[in-house]
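Presented below is the structure to which this report refers.
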Amino acid sequence: MEEKAQDNMEGKKKKNSGSFLKDLLSGSTISDKIILKNLRFLIFLTFLGALYIANRFHAEKLVREMSHLQKEVRELRAESLATSAELMKATRQSEILRQVTQRGLELEELREPPYKLVK
């Protein structure tokens, strides 16, 4: 009986050593040990990767928003220039005189320049 038990143990050892060799060559033992040993580091790297992707999406969103705002500023600047030009045209003396005569107001243009009253 003892011989059978020893033979059985030797068979298991050979079987285990054979499967260990097989696992070693296939890389599963090494990779399992490496993965388990460095699990915290792998989780940290995964977190950094997700953070990098989120940062990139945020930066692209900011660039799109900035481009939209620059376009809006150009449009508002053009509108401001157009309004300023219209105001300059409307406040010219000749334009005011034309508006007065067109509306039939009985106003006259000053022939003498204005002067200050001094005490």
Being surrounded by 10 or more Cβ atoms within 10 Å (Cβ to Cβ), farther than 30 Å from Leu110 by Cα, under 29 Å from the mean Cα position of the chain (by Cα) and at pLDDT 70 or above is the requirement here; does Ile53 meet it?
yes
Those residues of the range 88-106 that are surrounded by 10 or more Cβ atoms within 10 Å (Cβ to Cβ) and assigned to a loop (DSSP other than H, G, I, E, B) come to a total of 1
Screening Ser67, Ser19 for residues that are assigned to a helix (DSSP H, G or I), of a type outside the set (D, E, K, R) and modelled with pLDDT of 95 or more leaves only Ser67
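The values are calculated or read from the model by the stated rules, or taken from the named source; none is laboratory data. Remember, predicted model here, so these are calculated numbers, not experimental data. Cβ: placed from backbone, ideal geometry, glycine included. Neighbour counts: every protein chain shown.
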